[in-house]
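Take a look at the structure set out below.
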Amino acid sequence: MADSLHPAATHHLPSFITAPGETDVLMVIMAIVLMAAVLGFGILFLRLHTLPERIAHRTHKLQFEIVAVLGLIALFTHMHIFWIAGLLLALIDFPDFGNMLGRIAGSVEKLAGIKPGEGADQDSEAAERLDKAAPANGGAKKGDGVPERPAAPPISEANLKELDHA
């Protein structure tokens, strides 16, 4: 290194200055540190950005899809209000009314003597029979009033006994 020094240069150069044609070790180390910092910051940002979606998925929320869509909208529009809305939605626990209403419907079908889940099939079959039997205008003429509903099926004695015991 002493052979290639400029005459105006001092003879005690710092260790990070390299001679011409040699590898700059400090630059290589700083390039590796910079790439690691950018990669680490990107991973941290994406983990923070997906926080509401991970919370909603971990707690099995009903609104998981809405939270995921809000996260995507926030990512692509850079509007943080969508991320905040997704976070709040992920933290709120909505009651599951569907399960409760399904249980009520099953109990009512059981009381009516219908196997659970078959009531909807019978309703659709009855509606098809009525549509086939009735003319296009429902058989009603102007001034006839409201057409009568078909009679309900009779309740069996077993169902009446169940109702008396309840």
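With the highest mean first, a sort of the peptides 99-105, 85-91, 6-12, 49-55 on other beta-carbon atoms found within 10 angstrom per residue produces 85-91, 49-55, 99-105, 6-12. Local charge for residue 89 was computed over the other residues whose Cβ lies under 15 Å away, with Lys and Arg +1 and Asp and Glu -1, and equals 0. Here the Karplus relation 6.51 cos²θ - 1.76 cosθ + 1.60, evaluated at θ = phi - 60°, turns the backbone of the stretch 37-46 into coupling constants of 5, 5, 5, x, 5, x, 5, 4, 5, 5 Hz, with x for every Gly and Pro.
Annotation: amide H-H contacts under 5 Å for residue 18 (H modelled 1.01 Å from N, sequence separation of 5 or more, or interchain): none. Of the chymotrypsin sites (Phe, Trp or Tyr not before Pro) found in the stretch 1-103, those that fall in a DSSP loop while having at most 12 other beta-carbon atoms within 10 Å are 16. Backbone phi angles across the stretch 68-80, fed through the Karplus curve with coefficients 6.51, -1.76 and 1.60 (θ = phi - 60°), yield HN-Hα couplings of 5, 5, 4, x, 5, 4, 5, 5, 8, 9, 6, 9, 6 Hz in residue order; Gly and Pro are listed as x. Tell me the net charge near residue 52. Cut-off is 15 Å between Cβ atoms, residue 52 excluded, with +1 for each Lys or Arg and -1 for each Asp or Glu. Combined, the nearby Lys, Arg, Asp and Glu give +1.
Go ahead and run the numbers for FRET between residue 78 and residue 158, Cβ-Cβ distance against an R0 of 41 Å, rounding to 0.05. Walk me through the numbers on the way to the answer.
Values: r = 65 Å, r/R0 = 1.59.
The computed FRET efficiency comes out at 0.05.
Every read-out reported here was derived from the displayed coordinates using simple, explicitly stated rules and does not represent laboratory data. Since the structure is predicted, the reported quantities are computational estimates derived from the model, not experimental observations. Cβ sites come from the backbone with ideal geometry, for glycine too, and all protein chains shown count toward neighbours.
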